[in-house]
Amino acid sequence: MRQDAELLVAEGITRRYAMRRGLMGRTVEVRAVDGVSLKLERGRTLGLVGESGCGKSTTGRLVLGLESPDAGSVAFEGRPMPAPDTQPWRRLRARMQMVFQDPLGALDRRLTIGAQVAEPLEIHDIGGKADRTARAAELLRSVGLRPDQAARYPHELSGGQRQRAVLARALATDPAMLVCDEPISALDVSIQAQVMNLLVEIQDRLGLGILFISHDLRAVRQVSHRVAVMYLGRIVEEGEPDAVLRDPAHPYAQALVSAIPHPGKVGRGIVLQGDPPNPADRPRGCAFHPRCAVATAMCARETPVLKPRPVDGRLVACHVAQGEVAPGLGPMREAA
Ligand code: SF4
């Protein structure tokens, strides 16, 4: 298995949408993703975490080429990502697949599991009918399903079995990269660990690069080799899971980590101040400053840049974590 060879490089990708405010309101620009850079190597998993609406899923769509960035670039296996829905993009699509949150929604209720696992081979014109049937049986076995389950329909499988079938389908064209968008959040807790173990086992076997998008920090920690924390379209901290998820440097990452439930935990952890972010109304300076307990006057003026922290080289976008300014008292207490 080849490891650590660069598979995907995204540099400064930005995606804007126009959004109308109210029925007669003016149109405002929303930056769903704002200058995100990330790298993914073969055989490695990058965990992308953050609250719902922070731009994680849009980032996933951009790196798959399902949408084009308004600025920045995406390169896959050393070549620029072709425009969506073009012939070169469709050819490349076999090498990168997506696994969605809801396995029932991702499968067609009218087709057997076997037909759906073999479908990508048909789309990409790989093998004859007998080869595809044999390959579908092999793929089902590789994800822990029985070949005879090829004849079943999606509603005849359990949630965990359906997600295994979705994985088998994603692996049909021998991809180099998987983008998994909340792949376990629709599953029972008892099944989640099995699906994550399967993902790790598949990666070890096939050397896939995986972008694992989730709001579940425990799951991200279990499967990731590197973690990036997103807030309002930007990456605010990035590093090894043991560093970022044990000892986060950015105040937003600290709040996320403090909210992870664990046995014996007392209290709710750090409670974020203010409302959840509205991407159409991005605060000036650091976008987190209206909710940050240690915000300073500088935070409302100057946008922090994601860069290595002098003390340990951790990538953090925060004036305080970078040591540029002493912790403040936060906006709420300043106003009191
Ligand atoms: Fe942002 Fe300032 Fe808080 Fe750092 S301390 S997260 S720069 S508001």
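The values are calculated or read from the model by the stated rules, or taken from the named source; none is laboratory data. Just so it is clear, the structure is predicted and the values come from calculations on it, not from any experiment. Here the Cβ is made from the backbone with ideal geometry for all residues, glycine too, and neighbour counts use every protein chain on show. These accessible areas exclude ligands, DNA and RNA; they are computed on the full protein's heavy atoms, side chains included. Shrake-Rupley method; radii C 1.70, N 1.55, O 1.52, S 1.80 Å.
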* Asked: How many percent of the accessible area of segment 112-173 is carbon or sulfur, using a 1.4 Å probe?
  -> 50
* Report the one residue of 50, 13, 35 whose Cα lies farthest in the direction of the positive end of the charge dipole of segment 11-73 (charges on C-beta: Lys and Arg +1, Asp and Glu -1; origin at the Cα centre). => 50
* Label-point separation in nm, residue 37 to residue 218, each point 7 Å along Cα→Cβ -> 3.5
* **Dipole of segment 112-173, positive end: most advanced residue of 120, 147, 157 [Cβ charges, Cα centre]** => 157
* **Solvent-accessible ranking of 226, 141, largest area first, probe 1.4 Å** => 141, 226
* Structure fact -> Of all DSSP beta bridges with both partners in the chain, the antiparallel percent, nearest 5, is 60
* Asked: Convex hull volume of the Cα atoms in segment 112-173, per residue, in Å³?
  -> 64
* On full extension of the chain, what length is gained from residue 73 through residue 282, given 0.36 nm per residue of separation minus the C-alpha to C-alpha distance? -> 72.9 nm
* Asked: If the chain between residue 20 and residue 197 were fully stretched, how many nm would it gain, using 0.36 nm times the residue separation less the Cα-Cα distance?
  -> 59.4 nm
* Structure fact -> Rounded to the nearest 500, the 222 nm mean residue ellipticity computed for the chain from DSSP H runs (n ≥ 4, each -39500 (n - 2.57)) alone is -9000 deg cm²/dmol
* Three principal axis lengths of the chain [C-alpha, angstrom, descending] -> 71, 48, 46
* Put +1 on the Cβ of each Lys and Arg and -1 on the Cβ of each Asp and Glu in segment 169-316; which of 256, 179, 212 then has its Cα farthest toward the positive end of the dipole? -> 256
* Probe 1.4 Å, protein heavy atoms only - accessible area per residue of the chain in square angstrom -> 48
* Asked: Which value in nm describes the separation of the simple spin-label points at residue 52 and residue 205, placed 7 Å from the Cα toward the beta carbon?
  -> 3.4
* Structure fact -> For 155, 225, the accessible-area ranking with a 1.4 Å probe, largest leading, is 155, 225
* Compare the peptides 166-175, 75-84 by average per-residue count of other Cβ atoms within 10 angstrom and give them in order, highest first. => 166-175, 75-84
* Can you send over the solvent-accessible area of residue 188, 1.4 Å probe, protein chains only, in Å² to the nearest 10? => 110
* Taking the Cα centre of segment 112-173 as origin and charging only Cβ (+1 Lys, Arg; -1 Asp, Glu), how large is the dipole, in debye to the nearest 20? -> 200
* Asked: What FRET efficiency comes out for the pair residue 83/residue 329, r = Cβ-Cβ distance, R0 = 45 Å, nearest 0.05?
  -> 0.40
* **Rounded to the nearest 20 debye, dipole of the chain from Cβ charges on Lys, Arg, Asp, Glu** => 380
